[in-house]
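Trainee: Dumping the structure here so I can ask a few things about it.
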Amino acid sequence: MPRPATIAAVKGFRDILPAESQRWRAFERAAGDLFGAYGFGEIRLAVLERTELFARSLGETTDVVEKEMYSFADRDGTSLTLRPEATAGVVRAYLESGLVHRDPAARLWYAGPMFRRERPQKGRYRQFYQIGAEVLGRDDPLADAELLLMLVRYLAVVGASEVRLSLNSLGDAACRPAYRERVRAFGEAHREALCPDCHRRLERNPLRLLDCKVEGCRAVMARAPVMLQSLCAACRAHFDAVCALLDQERVAYVIDPRIVRGLDYYCRTAFEVLASGLGAQNAVAGGGRYDGLVAALGGPDVAGVGFAVGLDRLAAAVEIDGTGSEGPAAVILPLEERAVGPGLALATRLRHAGVHVGLEPAGRSLKALLRTADRQRARLAVILGGDELAAGRATVRDLARREDEPLALALDAPEAELLRRVRRGATV
Ligand code: HAM
């Protein structure tokens, strides 16, 4: 019979294999621990939402909503979308669950896949992973500063040392309209140098001109006026207070008035964290304040601020430290068929006590079995042959030290004794 063809993953979608996923699990564990200390609880969000949620929150004229969403009509005709980000979903859940009344100052963190139909390249995928945190119900600069402190600490804890935090303020409903008009006027003055998309943006949402990826537009807009110089007194005071708190805690940052962010919901504080050595896709995290979003999604006038870290890029930025490549503490090697049962019993006892133990099938020579154990980078080989079964003791060989002197391990030894022998052998 001809072999059926294999099936490839969808372009821009990939699998995270064990060598990498171990590190990802460590990222999630570190987030749970650190974010917990800052009072955040984990929220496990829906992956699929009504398209309207994103259209209304991220902005109709953003690249994400215009070109990058995986949207489809459900069987009843409802338009659904695989979430391109999680902030909108957090706010939807905050309102829908009643947290907005029970715990208006909710602090929520999440981890999981997001979906954007961008052009795939190194560090940019169509399914990618984020860990994020959102503070709702707080409009004071302390909330921004605490969140940034937590983000910077998080990146340090997981081992991303070569990073740079950049900060900006995007103003608010008081000062942004006048700034938008200045950007529109600037864009009109350079209309002929702008792309057709930007001509549309000029009519509908001129601030999006600042986020165009087309080289010609970027060159023009690099000379456009910046929001930071048009802030109202309240926005200026907020920004200065955030900076002062970061200075007090000795958080390093640079002020970058060119940060605009790719989503429309931001106001006031906006930030990005860039990592060196990642090439073009070097933003490992981004976020900011979104004080109008809860109201835009039908809730009360409640403020919010948050960030998301991109795990695909974080994994690339964190030095390979070998954590993903650790082998088992021991591999049990039955030399003959009747040693398989006792081998499984021993493996089960050790595994249920939390020790990573491998178990090979019988039927190969000791030499071949030891080679297998070596290839798995096991620290100990536990040999079970006829002699061992007769004596009721396994032979334990330290593979790391390449010692021929075998240790004896009684098969019916109590749990604690077994563990002590395996662990001692594994650590000396
Ligand atoms: P964002 O800047 O769109 O913000 O995404 C945050 C991070 O997700 C980026 O800095 C990047 O590391 C990662 N990321 C984004 N797109 C991709 C992709 N195609 N492939 C790989 N990684 C990617 C947000 O999503 C906001 N929801 C953040 C936020 C939370 N703002 C307030 N609260």
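Trainee: Taking the Cα centre of the chain as origin, sum charge times position over the Cβ atoms of Lys and Arg (+1) and Asp and Glu (-1), and report the length of that vector in debye to the nearest 20.
Mentor: Working: 60 positive and 56 negative charges, 192 e Å.
The dipole magnitude comes to about 920 debye.
Trainee: So what's the back-of-envelope 222 nm ellipticity for the chain, counting only DSSP H runs of four-plus at -39500 (n - 2.57) apiece and dividing by all residues, rounded to 500?
Mentor: Dividing the helical sum by the residues of the chain leaves -11000 deg cm²/dmol.
Trainee: Just to be sure I understand the curve: with the Debye formula and one point per C-alpha of the range 330-423, what is log10 I(q)/I(0) at q = 0.16, 0.18, 0.21 Å⁻¹?
Mentor: -0.55, -0.72, -1.02
Trainee: Could you report the chain's accessible area per residue, 1.4 Å probe, as an integer in Å²?
Mentor: Numbers: 20910 Å² over 428 residues.
On a per-residue basis, 49 Å².
Trainee: Okay, moving on. At q = 0.19, 0.21 Å⁻¹, what is the base-10 log of I(q)/I(0) for the range 75-228 according to the Debye formula with one equal point scatterer per Cα and no solvent? Please give it to two decimals.
Mentor: Log10 I(q)/I(0), no solvent term: -1.31, -1.28.
Trainee: Would you mind giving the three semi-axes, in whole Å and largest first, of the ellipsoid equivalent to the chain according to its Cα gyration tensor?
Mentor: Semi-axes (√(5λ), whole Å): 54, 24, 21.
Trainee: At a 1.4 Å probe radius, carbon and sulfur cover how many percent of the accessible area of the range 63-173?
Mentor: The computed percentage sits at 50.
Trainee: If you find the alpha carbon centre of the range 160-191 and of the range 238-286, how far apart are they in angstrom?
Mentor: If you average the Cα positions of each part, the centres end up 13 Å apart.
Trainee: Counting only protein heavy atoms and a 1.4 Å probe, tell me what percentage of the range 330-423's accessible area is made up of carbon and sulfur.
Mentor: For the range 330-423, the apolar C and S fraction of the accessible surface comes to 53 percent.
Trainee: In addition: How many lysine pairs does the chain hold where the Cα atoms are under 28 Å apart and the two sit 8 or more places apart or on different chains?
Mentor: 6
Trainee: For ASP291, list long-range residues whose amide hydrogen, built 1.01 Å from N in the peptide plane, is under 5 Å from its own amide hydrogen.
Mentor: Long-range HN contacts for ASP291: CYS267, GLY304.
Trainee: Whole-Å semi-axes of the range 1-129's equivalent ellipsoid, largest first, each the root of 5 times a Cα gyration tensor eigenvalue?
Mentor: Values for the range 1-129, descending: 29, 23, 14 Å.
The values are calculated or read from the model by the stated rules, or taken from the named source; none is laboratory data. Nothing here was measured: the structure is a model prediction, and the numbers come from that model. Here Cβ is always computed from backbone atoms with ideal geometry, including for glycine, and neighbour counts include all displayed protein chains. With ligands, DNA and RNA removed, areas are computed over all heavy atoms of the protein, side chains included. Shrake-Rupley method; radii C 1.70, N 1.55, O 1.52, S 1.80 Å.
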